[in-house]
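For reference, the structure discussed in these notes is given below.
The values are calculated or read from the model by the stated rules, or taken from the named source; none is laboratory data. All values derive from a computational prediction rather than experimental measurement. For neighbour counting, all protein chains shown are included, and Cβ atoms are generated from backbone atoms with ideal geometry for every residue, glycine included. Accessible surface is based on the protein model in full, side chains and every heavy atom, while ligands, DNA and RNA are left aside. Shrake-Rupley method; radii C 1.70, N 1.55, O 1.52, S 1.80 Å.
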Amino acid sequence: MKLLVTGGAGYVGSVCAARLVEAGHEVVVLDDLSTGHADAVPDGVRLIEGDINDVIGEVLAEGFDGVLHFAAKSLVGESMQDPAKYWHGNVGTALTLLDAMLEHGTPRLVFSSTAACYGEPDEVPIPETAPTRPTNTYGATKLAIDHAITGYAAAHGLAAVSLRYFNVAGAYGRFGERHATETHLIPIVLQVASGTREKVAMYGDDYPTEDGTCVRDYIHVVDLADAHVKAIGAATAGEHRIYNLGNGFGFTVKQVVEACREVTGHEIPADVAPRRAGDPAVLVASSEKARTELGWKPERVDLAGIVRDAWEFTRSRSQGA
Ligand code: UFG
């Protein structure tokens, strides 16, 4: 298929673009490079530098079999301080994309949704049928887009799949996480190991978990990308399917720090700090639906392996490779 990957110069988008190419698809990346990097676009993939709101009509007029929409603002804290940036930047842009897809007859959409749609869960692991009560603006905007997609699929026959990511981690060779503002646990811990940060602040050790720190479901970015490859193939006209993507088991913040110590051989000083606002104690996915309906199975579930791939990436960047 000929596929447009918006946000394909970002972390998850670049890995997905690479895996789509390997699966035999023709891929074009559209990215405004506001947070992405031109050199993260896989070899042989055309990069169109531009804002979806300005250029999407012209781009889709070329003719595409589908769009994978990653381009978004994704900082939870920032979304609370500057909601307009998220409502316009995420929801407004997604509506512009949906309208352009209709206008140009682009039949398929895979959308990057998030576990943040669920908020504080009543049950763990979290199924797709769990109530959606986002605790932050970021999650609220992704949920709003999911609702819009449901309506467009039903009314206009769009074939759509939303994938709700839990904690994405790891790297794929030269494609990895390099955010100007880093908030995610594993890259922050690895910055300490590589000497660019002094120590880790572990946000809260009084949660009702085995060691008091928060539990998260860490999924390897390559497994996540492979779910997108399956999703674009499985998308069915008139349906909007929603799948959670995680490994189905969790690790505490302390366990993650310990795994990073073992992989890097660095002592990684870590202090307990106050809780971070809006952090649920435990977020673990039930990915049964993706396994059953997409035939997807995460292959890289070992935490040390996930950290090792992220560490290789961090080291290659800090050596300027
Ligand atoms: N954490 C620390 N210290 C840090 C950074 C994080 O202790 O320096 C803790 C957090 O408090 C949390 C865990 O590590 O308990 C994981 O935090 P991340 O920021 O890596 O990830 P989140 O679970 O907060 O965020 C993920 C996705 C978001 C999504 C959210 C849903 O990355 O996009 O899940 O709640 F919105």
Restricting the range 1-106 to trypsin sites (Lys or Arg not before Pro) in coil, as DSSP defines it, with at most 12 other Cβ within 10 Å: none
First measure r as the distance between the Cβ atoms of residue 87 and residue 154, then evaluate 1/(1 + (r/R0)^6) with R0 = 22 Å and state the FRET efficiency to the nearest 0.05. 0.40
Using a 1.4 angstrom probe, figure out how much accessible area the chain has per residue, in square angstrom, rounded to the nearest whole. 41 Å²
Taking only Cα atoms, what is the 0 to 90° angle, nearest 10, from helix 137-156's long axis to the longest principal axis of the chain? 30 degrees
Each label sits 7 Å from Cα toward the beta-carbon; between residue 237 and residue 312 the label points are separated, in nm, by 4.3 nm
Report D for the range 34-139 in µm² per second (integer): Stokes-Einstein, Kirkwood Rh on Cα pairs, 37 °C, 0.692 mPa s. 208 µm²/s
√(5λ) per eigenvalue of the Cα gyration tensor, the range 185-321, largest first, Å: 30, 20, 12
Rounded, prolate or oblate, given the Cα gyration tensor of the range 241-282, with a/c below 1.5 counting as rounded? oblate
State, to one decimal in nm, how far the label point of residue 99 lies from the label point of residue 34, with both points 7 Å from Cα in the Cβ direction. 1.8 nm
Return the FRET efficiency for the residue pair residue 205, residue 180: r is the Cβ-Cβ distance, R0 is 30 Å, and the value is rounded to the nearest 0.05. 0.55
Per residue, what volume in Å³ does the convex hull of the Cα atoms of the range 106-213 enclose? 163 Å³
How high is the FRET efficiency from residue 272 to residue 198, r the C-beta distance, R0 25 Å, rounded to 0.05? 0.95
Overall Cα dimensions of the chain - principal axes, largest extent first, Å: 55, 45, 39
Starting from the Cα-Cα distance between residue 262 and residue 122, subtract it from 0.36 nm times their residue separation and give me the gain in nm to one decimal. 47.0 nm
